[in-house]
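Working notes for the structure below.
Derivation of every value follows stated rules applied to the coordinates shown; laboratory data play no part. No experiment lies behind these values; they were computed from the predicted model shown. Cβ coordinates were reconstructed from backbone atoms using ideal geometry, including for glycine residues, and neighbour counts include every protein chain displayed.
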Amino acid sequence: MVIALMYRVGSRRASALCYRLHSSYVRRMRYLFELKEDDDACRQAYTSGTFFLFYNLSPFVQQKGKMLLPPKINTAEIKRILEKFQQSEERIEDSILIGCSNKCTPYFALDVGSLERSALESELNGSFTELRKAFFQLEEEDVSLISLAQALLRWHNSNQYCGKSGQPTKKNMAGSKRICDRSGIIYYPQMAPVVITLVSDGNQCLLTRQASFPKGMYSALSGFCDVGETLEEAVRREVAEEVGLEVESLWYSASQHWPFPNSTLMIACHALVHPQRNKVSINKQELEAAKWFSHEEVVMALGRKPKPSKEKDDNSFWLPPKQAIAHHLIQEWVKKQAAVSV
């Protein structure tokens, strides 16, 4: 009886905790939805928001030890900067909404590419750095926000005119859409779906490299989904096109927004091919190399620093860093192989 009572009390406490966490998430999502749909509410949110600055799509960061930090700048400081550089504080309305804190403090991104760069960097004690260079030195939470911000800023920069009327489009206050008053068309930000697939024959995994990769780096297969294609069809086609193998089975793993070279949704999958039909035939238009690697070889590669070897006669290879979803796929495969061998 006592045990049953303790179980019920514990269950209620766990349920209450889950409810609070769920309610916090729902509250934030509802708040962001309101800001996206109500221009007046979003305009009011500028006064309590914090801002991430960009210069022609390069995020502003400050060095903190070995890491980079994109500082959150409050509205008063943004107004001070705009005034100092002889800009109207109405420039704040060029910002786009990119999220909010757990306490519903809204986050905005503002590109100040029209101002003088070196003077800005000196004023703010930091630098505007290409996202590709800063990406692996940012904290995980910052990577997500900065990647989203850059993707939205780029989309707005590339969609200033209506494809039907040719007239300028206008963003809503939050930047969640652009509207053409002439045609009535509403444009929403889009990203391209990409399948990234780790192929295995049950004992080995197949890693590939493109000519554009840093020297020595191997990764999983990847390619854009074609129009009208399902995720499964895209995986099977990409594996057949790039390495000449036929997938017997596949399963979904995870997904990741990837900002390079433009905004894409990386959809990570594992694929299995028959071990007796695993001879690789490389598509030289797509790949520079493709090789089968054993569990031991991959484990050793995971322990190497993510940079190419300078030794010409060194046959070692390295893998994408942990921020990339390819790393996640490879780690999953390693853990599964280890479990099977036990």
With only Lys, Arg, Asp and Glu charged, each at its Cβ (+1 for the first two, -1 for the last two), find how big the charge dipole of the stretch 192-341 is about the Cα centre; round to the nearest 20 debye. 620
For the stretch 99-107, just list the computed ³J(HN,Hα) in residue order, Karplus coefficients 6.51, -1.76 and 1.60, θ = phi - 60°, integers in Hz, with x standing in for Gly and Pro. x, 7, 6, 4, 9, 6, 7, x, 10
With each pseudo-label sitting 7 Å past Cα toward Cβ, what's the THR47-ALA119 distance in nm, one decimal? 3.0
Please give me the summed charge of the neighbours of VAL280: other residues whose Cβ is under 10 Å from its Cβ, Lys and Arg +1, Asp and Glu -1. +1
For SER253, distant residues with modelled amide H under 5 Å away: ALA268, CYS269, HIS270
Which of LYS215/LYS279; LYS36/LYS322; LYS79/LYS171; LYS66/LYS170; LYS291/LYS335 exceed 29 Å between C-alpha atoms? The answer is LYS36/LYS322; LYS66/LYS170
Furthest towards positive pole of dipole, CYS104, SER341, ILE186, structure part the chain, Cβ charges: CYS104
I want the local charge near LEU231. Using Cβ-Cβ distances under 12 Å, sum +1 for each Lys or Arg and -1 for each Asp or Glu among the other residues. -3
If we count other beta carbons within 10 Å of each Cβ, what is the order of HIS270, HIS257, fewest first? HIS257, HIS270
For every other residue with a beta carbon closer than 12 angstrom to the beta carbon of GLN190, add +1 if it is Lys or Arg and -1 if Asp or Glu, then tell me the sum. +3
Computed for the chain: size of charge dipole around the Cα centre, +1 on C-beta of each Lys and Arg, -1 on C-beta of each Asp and Glu, debye to nearest 20, value 840
Under the rule rounded for a/c under 1.5, else prolate if a/b exceeds b/c, else oblate, using alpha carbon gyration tensor axes a ≥ b ≥ c, the stretch 192-341 is classed as rounded
